[in-house]
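Visitor: Below is a structure I'd like to ask you about.
The values are calculated or read from the model by the stated rules, or taken from the named source; none is laboratory data. None of these values were measured; they are calculated from a predicted model. Note: ideal-geometry Cβ built from the backbone for every residue, glycine included; neighbour counts use all protein chains shown. Areas reflect the complete protein model, heavy atoms only, side chains present, ligands, DNA and RNA absent. Shrake-Rupley method; radii C 1.70, N 1.55, O 1.52, S 1.80 Å.
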Amino acid sequence: MRIATLQYSPTLGSVSQNILRANALLAATPLPERLDLLVLPELAFTGYNFPSLEAITPFLEPTAAGPSTQWAIATATRLNCTVIVGYPERSQTPAATTAPDSTTDTAEPHPPSPKNYNSIVTIAPSGQVLANYRKSFLYYTDETWASEGQPHLSPPFFCAPLGSLCDGAAVGQGICMDINPRRFTAPWHAYEFAHAMLAGRARLVVLSMAWLTRLLPDELAMEPGRPDMETVAYWLERFNPLVAGLRAGEGEVIVVFANRCGIEGDVTGGVEVRGEVDGIVTGLVGMGDRACYAGSSCVMRFQRGSVRMYERGPDEVAILGKGEEGCLVVDTEMPARFLLSHKTG
């Protein structure tokens, strides 16, 4: 498979501007003649760090039908590849029916009540919507406006074939916090997401992310082309079950980490949301804490108890820097030459 991850720093609330920036980065990338998959970050065109429901409401998109999906359809058909992009979803979900009327013995449904989700939509090369996955484990920021995606399912994550992608094998999907313990209260070694991918026999796992870093803005500005290896090590640890579970020669699992970079907010408590939707500028709708993102998008191969990464160039690991905007292209048919060290327990 030839996989591309687009990493950039979207401006909070500036949807049209962010789409233009994404298009420019793609245009500047020498993409292969045959590209199988393009993955964008979580809430790719709206930005992530909305401080409240009021702040994000103007940017909510109808299920698999808003600006993000329209862009994904156009891009998937143009590049003849599968496209996955994150967006804030507003879904019209029917409520439970009322009690039967004593005279008619029928149940009248309530009008559909909208629910909000942090979602990713998957588009086939034909432009068909293949899947619409809703984030299961919410981060604190998500909880101000979004609902858990599939709380009635166990496990709640997506793991199923996605058209012809990965030759029809099971593909797992997750969004950022999904790989953490639920609400940070579940046992660390429960590894809910990783175990679900093993149980579902996923051969490809795709993560759309807006993963934060512990680095300060000044530290992010220094050598932005270098990845945040503390974050990369953490991601690897959260997939430890794949290391142990694939020791017996059960094939390989490719895991795509598609993160964003950049900073939202100038100072702690001072992010201003002045966005635009369909070219209409919205006003100031709230303040939020500063958020610094880890970048470091990459692709890992888990196989026979080892974890390896691919080449970006001669003797250069295929990973983007912590502050680097660009499109990383990885060919999983090529050897993964760089061995990563990992914990065993």
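Visitor: With a 10 Å cut-off between alpha carbons and a GNM built on the chain, which of 204, 220, 246 moves the most?
Guide: Per the Cα network of the chain with a 10 Å cutoff, 246 tops the list.
Visitor: With r as the distance between the Cβ atoms of residue 308 and residue 29 and R0 = 22 Å, compute the FRET efficiency 1/(1 + (r/R0)^6) and round to 0.05.
Guide: That pair, residue 29 with residue 308, gives E of 0.40.
Visitor: Ok, one more. So for the pair residue 164, residue 230, with labels modelled 7 Å out along Cα→Cβ, what separation do we get in nm?
Guide: Between residue 164 and residue 230, the simple spin-label model gives 4.5 nm.
Visitor: So, taking all protein chains as they sit and a 1.4 Å probe, how much accessible area belongs to residue 334, in Å² rounded to tens?
Guide: Probe radius 1.4 Å; accessible area of residue 334 about 110 Å².
Visitor: I'd like the accessible area for residue 290: 1.4 Å probe, protein heavy atoms, all chains in place, Å² to the nearest 10.
Guide: So the heavy atoms of residue 290 present about 80 Å² to solvent.
Visitor: Please check: in the Gaussian network model of the chain (C-alpha springs, under 10 Å), which one of 208, 16, 136 has the largest mean-square fluctuation.
Guide: Of the options given, 16 has the highest mean-square fluctuation.
Visitor: Related question: Counting only heavy atoms of protein chains, what accessible area per residue, in Å², does the chain have with a probe of 1.4 Å?
Guide: Roughly 43 Å² per residue, with all protein chains present.
Visitor: Using a 1.4 Å probe and counting only protein heavy atoms, arrange 148, 316 so the residue with the most accessible area comes first.
Guide: Greatest to least solvent exposure: 316, 148.
Visitor: Same structure, new question: Leaving out ligands, DNA and RNA, what percent of the accessible area of the chain is carbon and sulfur, probe 1.4 Å?
Guide: Heavy-atom surface of the chain belonging to carbon and sulfur, 1.4 Å probe: 54 percent.
Visitor: Pick from 188, 211, 71: which is most flexible by mean-square fluctuation in a GNM of the chain where alpha carbon atoms under 10 Å apart are linked?
Guide: 188
Visitor: On to the next question. Going from most exposed to least, what order do 78, 214, 2 have by accessible area with a 1.4 Å probe?
Guide: Final ranking, largest accessible area leading: 214, 78, 2.
Visitor: Determine the percent antiparallel among the DSSP beta bridges restricted to the chain, to the nearest 5.
Guide: Bridges in the chain that DSSP calls antiparallel: roughly 70 percent.
Visitor: If you take the square roots of the eigenvalues of the alpha-carbon gyration tensor of region 118-255 and sort them as a ≥ b ≥ c, do you get rounded (a/c under 1.5), prolate (a/b over b/c) or oblate?
Guide: rounded
Visitor: Under a 1.4 angstrom probe, counting protein chains only, how are 324, 89, 311, 223 ranked by accessible area, largest first?
Guide: 223, 311, 324, 89
Visitor: Relative contact order for the chain: what is it in percent, counting Cα pairs under 8 Å that are at least 6 residues apart?
Guide: 20 percent
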